[in-house]
Amino acid sequence: MPVLEVRALSKIYEGKIATKALDHVTFRIEEGDFVGIMGPSGSGKTTLLNVISTIDEPTSGEVILNGQNPHRMDRQQTALFRRRELGFIFQHFNLLDTLTAEENMVLPLTLDGISVRDMKAKAQEMASRLGIESVLNKYMYEMSGGQMQRTAIARAMIHEPSLILADEPTGNLDSKSSRDVMEAFARMNEQYKATIMMVTHDALAASYCHRVLFIKDGKLYNELYRGNNRQAF
Ligand code: ADP
Ligand code: ADP
């Protein structure tokens with residue numbers, strides 16, 4: 001069973017002039033996949049993420065996540081399902097600057113009634129996988145962009161979601177930090193079986209993906225696969 005199946009997904013924004021933001025988009029993501037989504041501004045990438053994450057409703061078509069359609073659930077079920085199945089990573093990190101890195105990381109666990117001791121152990125484990133143990137007790141102003149984004153990756157993955165949705169994760173980073181962050185994604189994918197869907201404009205970031213889907217005017221129009229060699233793109 002694929003982790004994500006998107007079937008003939010369309011989204012029309014009604015208005016004075018209706019906009020077809022997504023036009024019969026179909027693809028699937030298997031467990032362990034690392035998929036990039038690229039396309040020009042206004043091509044429908046954010047809409048796609050928002051419909052998959054149930055922030056937005058599709059006009060037609062289906063999103064099947066782990067065999068279930070979150071758009072067919074009631075609000076409460078959808079919220080729980082989203083929290084369990086998805087991890088989010090944003091361009092601007094969206095970390096809370098009043099909390100330490102560790103406190104940010106364990107946020108998704110705080111609603112699950114897990115003991116403080118177990119949360120700390122989990123944060124330690126995630127930090128060691130991501131090479132950011134030294135920042136666990138730091139606040140955002142004490143951290144580099146790359147450290148902040150890796151903290152965000154730890155937060156997104158700490159509850160072991162089925163799918164990670166990343167929106168321009170390197171968009172706010174310099175080349176060195178971008179590399180650190182993409183190496184961290186690659187490690188989480190290869191060693192810890194994270195399944196990742198990443199929207200990006202960044203060729204370096206895309207070069208870490210197993211395959212890249214290209215979208216334009218709301219339509220998928222091309223797909224590239226990577227061989228063993230990253231330079232193949
Ligand atoms: P991208 O993320 O690739 O830049 P978007 O998904 O944001 O593209 O936008 C796709 C199209 O849908 C664009 O034409 C955009 O103007 C339009 N759009 C996005 N959100 C809305 C909205 N809430 N209302 C009306 N039109 C929208
Ligand atoms: P930009 O689209 O200008 O690059 P961002 O990277 O901040 O700006 O946001 C990209 C998209 O990520 C937004 O359009 C929105 O859909 C989503 N997003 C950003 N922050 C949040 C948030 N706190 N909660 C949910 N979605 C968010």
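The values are calculated or read from the model by the stated rules, or taken from the named source; none is laboratory data. As the structure is a computational prediction, the values presented were derived from the model and not from experiment. In this analysis, Cβ positions are derived from the backbone assuming ideal geometry, glycine residues included, and neighbour counts consider all displayed protein chains. The protein model used for the area step is the full one, side chains on, heavy atoms only, and it has no ligands, DNA or RNA in it. Shrake-Rupley method; radii C 1.70, N 1.55, O 1.52, S 1.80 Å.
I'd like to check something: does segment 11-29 contain any residue that is within 16 Å of ligand 1 (Cβ to nearest atom) and under 22 Å from Tyr208 (Cβ atoms)?
Taking segment 11-29 first, the residues within 16 Å of ligand 1 (Cβ to nearest atom) are 11-25, 27.
Filter again for under 22 Å from Tyr208 (Cβ atoms), leaving 27.
Within segment 11-29, one or more residues are within 16 Å of ligand 1 (Cβ to nearest atom) and under 22 Å from Tyr208 (Cβ atoms).
Please determine, by comparing only the residues of segment 40-85 that are among the hydrophobic types (A, V, I, L, M, F, W, C) and open to solvent by 10 Å² or more (accessible area, probe 1.4 Å), which one is nearest to ligand 1 (Cβ to nearest atom). That would be Leu49. Thr151 meets the conditions (1) of a type in the set (Ser, Thr, Tyr); (2) crowded, with 21+ Cβ neighbours inside 10 Å; (3) closer than 24 Å to Leu48 by Cα in every case but one. The failed one is (3). Of the strands (runs of 3 or more DSSP E) lying entirely inside segment 1-110, those containing at least 1 residues that are away from ligand 2 (no atom under 16 Å from the Cβ) span 4-13, 19-29, 34-38, 60-65. Would you confirm whether any residue within segment 208-230 is modelled with pLDDT under 95, hydroxyl-bearing (Ser, Thr, Tyr) and part of a strand (DSSP E or B)? Within segment 208-230, one or more residues are modelled with pLDDT under 95, hydroxyl-bearing (Ser, Thr, Tyr) and part of a strand (DSSP E or B). Pairs linking a residue in segment 75-95 that is without any contact (Cβ under 8 Å) to a residue 40 or more places away in the chain to a residue that is surrounded by 14 or more Cβ atoms within 10 Å (Cβ to Cβ), with Cβ atoms under 6 Å and 6 or more positions apart or on different chains, are Thr78/Thr54; Thr78/Pro70; Phe81/Pro70; Arg82/Thr54. The set of residues in segment 179-198 being within 15 Å of Asp33 (Cβ to Cβ), within 14 Å of the chain's Cα centre (by Cα) and not in a loop (DSSP other than H, G, I, E, B) consists of Phe185, Ala186, Met188, Asn189, Ile196, Met197, Met198.
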